[in-house]
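The values are calculated or read from the model by the stated rules, or taken from the named source; none is laboratory data. Since this is a predicted model, take the numbers as computed values, not measurements. Backbone-built Cβ (ideal geometry, glycine too); neighbour counts: all protein chains shown.
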Amino acid sequence: MIDFGYKIQTDRQIDYDSNDRQILEFVRRGEPSIDWCMSCGTCASACTAAVTTEYSLRRLIILARRGMNREIVESVYRCRFCGKCFNACPRSVNTRNIVYLMQLAATKISNHEI
Amino acid sequence: MKFDLFVLPFTLGLIFLLGYLTVKYTRWYFRQDKSDRQKVRNGFLSLKFMSALREIFLESLLHRRIFMKNRLLGFMHMSLAFGWFLLIAIGNLESRVYEPTAANPPYVPIFFKFFHANPGTFPLHRVFSFTMDLLLLFVLVGVILAFVKRVYSRAYGMKRTTRLMLGDRLALTSLWLIFPLRLLAESFTSAAYGGGDFLTGSTGNLLGSVFPAESFCYPAWWAYSLALGTFFVALPFSRYMHIPTEVVLIFSRHFGLTEKSKRTSFTEIEINSCSRCGICLDTCQMAFAGGINTIQSAYQLKAIRYHNIQPGESFNCLMCGRCESTCPVGIDISSIRMITRNELNGRTPDPSFTRKPVSLVNQADVIYFAGCMTHQTPAIKKAMQTVFKEADVNVWFMDEAGGICCGRPMMLAGHREQADLMIEKNRSLMLESGAKTLVTSCPICYKVFAKEYNLDIRILHHTEYLLELANTRKIKLESLAGTAVYHDPCELSRDIRIYKEPRMLLGKIMKLAGTGEFEKDNTLCCGNSLANFSASNEVRLSVARDAVEKLTAGGAQYLVTSCPMCKKAFEKVSDVPVTDIAELVSKALHKHQAHPVTVVRKKEPSVALELHGSI
């Protein structure tokens, strides 16, 4: 084969249509305020759980939007439900319910209920 | 033996009911663990049995607790329950006195007038028939009152009344028909054969003048028996299951059974003891301030009983405990709600809270645990630090750089196992410090420390601790201008009942205004409760707005509370300045002593002066 000095890369675009948004959709049905989140990170900076573990609600919501469900299940159970994120949120997102519903969605997915 | 075909519906209904109850209660008894079964067996042989009987008489029959709260409602329940009980008891007595020797199956006293229409020369006949007529009138008044309540509950001061389901409707209709049908049957009998007294005699005369009494008599007895039979069959599947189960509940409670962290037979007894009387509906802030009418205890207990729980509803409760304190049956609703939440969460969460090291333990006399929420109201923790410095206390600020949470929010989220791990970790840190006193600024933490931590050290909320410092002259307080109204945080009220200390402490600093009816056991939730997951911000704000309106109606200049969560909630909606009791205490110190905080403040005027000079 002639070496032209360059090669054709494989496709590296993200296919958003194939995202598995089961968790996001489940949470959205129960708590529409998840859509108000603008990923500012105030919740993560106020977080009690973040002092002792790797945990960030901002990251969880981004993961849900990207459909990265395995990563959500890994860290969503670290929340302490202390409610500081809810007090701090500038958009009044009902943060604790989002975490609770993410946990519920994870359980339902593992039980093949959704 | 006296017998007629029409007694069959009643008799078969009664046999079915007794059989059903026997099977159900026996199963509950054997499903308990060994120690609980022991408690029940011992209870029957002890004095507790007598005190239980007393309560059964006062509550199940007389309905004293309802009567104290609402006279008319109490009278309605009493006339139905106590009246019917006396009707059965005296009816039995009558038939035994009349026929001491004859076999006396249970239907004879119930249908006494059918079998002995006119006892003629029997000497006590007049006394008995008068008493029985009086009692029937008593019960009929109750039925009329119940009917009025169903149609127009506002006449009883009740804004809401519970929605009924099919089983309830069937039981309710048959219950309401029982007594009018008895009146009809006895009246027709009296018209045809005599023997009626002031009530059945006169209605009998009236009816007999219009209808052919003799031919109406027998169908009326059939209808009466059918109504009784229907009620007995419908009872176990309706809310009227509370009638026999409440008796079981009172015995169980007196014998020392309580709710545990998992569902037990006691939970089943409590769930079945709810009569859905609806008293909890009007006390619920989610109803009168938040406009949500599906989550109240009567509905939640119904959903649990019929296996129809919606997580969204179960997690939409403030767990303030207002309904629990008004429940005439005394059901431990908060515990049942917690058990339900635990059951809804299938999975044990990740116990990774110690992945990063927690702050090192300091040896100290006093541990100060500010609590997560206090870190979001820094004025409170600063005030506490000022006071600690002033009183020269050897204190370890345990969660100064943020600690593990106390565990109560995790329990409220239905993750009991995870909460237990957090409790164990915190507990070992506390014990390691060698402290004798644990002070917290957060009532949520206080409650879980007091109830779940099982610590061998004194646990004080900062209101108690500050009062102790003031009383032992460790800190000196001066009075401040203005009047304050004190709001009892839910978690410190009702089952913890810290009412005296904050008021005494506040009384040393400021003039105290009353909160009207909304204080102590009847205090309001701020709306920001951690127990609630589902409620939107709007609902929370309207609950807070309503509470502030009621609290500041007396025109106080400060709204004082002792919970960072309440402070945070009220601040958003209150026109009156909201402050924590600790902040006021530290302010009352400032006047006569030098402090780091005052030093900072002293700089401000001097800067202002310089500016002024340069102009």
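Points to keep in mind about this one:
- Answer residue from the range B:420-445, given it is touching a Phe, Trp or Tyr at 6+ places or on another chain (Cβ under 9 Å) and assigned to a helix (DSSP H, G or I) and is surrounded by the fewest Cβ atoms within 10 Å (Cβ to Cβ) among those: B:427
- Test: residue B:468 is closer than 20 Å to residue B:506 by Cα and either more than 34 Å from the chain's Cα centre (by Cα) or at pLDDT 95 or above (or both): yes
- Taken residue by residue, the range B:189-204 has at least one member that is of a type in the set (Phe, Trp, Tyr) and in contact (Cβ under 8 Å) with a residue 60 or more places away in the chain.
- Condition met for residue B:46 (assigned to a loop (DSSP other than H, G, I, E, B) and among the hydroxyl-bearing types (Ser, Thr, Tyr)): yes
- For the range B:402-434, the set of residues classified as within 23 Å of residue A:103 (Cβ to Cβ) and away from chain A (no Cβ under 13 Å) consists of B:420, B:424, listed by residue number.
- When residues in the range B:397-415 are screened for being in contact with a Phe, Trp or Tyr (Cβ under 7 Å, 6 or more places away or on another chain) and either over 30 Å from residue B:338 (Cβ atoms) or in a strand (DSSP E or B) (or both), 1 of them pass.
Residue-by-condition table, conditions (1) touching a Cys at 6+ places or on another chain (Cβ under 8 Å); (2) aromatic (Phe, Trp, Tyr); (3) not assigned by TED's automatic domain parsing to the domain that holds residue B:156:
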residue	(1), (2), (3)
B:43	no, no, yes
B:48	no, no, yes
B:55	no, no, yes
B:67	no, yes, no
B:70	no, no, no
B:74	no, no, no
B:88	no, no, no
B:92	no, no, no
B:102	no, no, no
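- Residues of the range B:438-461 satisfying the condition of being at pLDDT below 95 and among the polar types (S, T, N, Q): B:454
- Residue match in the range B:296-315 (condition: at pLDDT 95 or above and farther than 30 Å from residue B:176 by Cα): no
- Spans of helices (runs of 4 or more DSSP H) in the range A:26-113 with at least 3 residues within 8 Å of chain B (Cβ to nearest Cβ): A:49-52, A:84-88, A:95-110
- Applying a threshold of 9 Å to beta carbon distances and a minimum spacing of six or more residues, or different chains, the list of pairs starting in the range B:515-541 at a residue that is within 10 Å of chain A (Cβ to nearest Cβ) and without any contact (Cβ under 8 Å) to a residue 24 or more places away in the chain and ending at one that is of a type in the set (A, V, I, L, M, F, W, C) and outside any loop (DSSP other than H, G, I, E, B) reads B:537/A:86.
- Note on the range B:118-226: enclosed helices (runs of 4 or more DSSP H) holding 3 or more residues that are modelled with pLDDT of 95 or more and either out of contact with any Leu (no Cβ under 6 Å at 6 or more places or on another chain) or surrounded by 17 or more Cβ atoms within 10 Å (Cβ to Cβ) (or both) are B:125-151, B:166-193.
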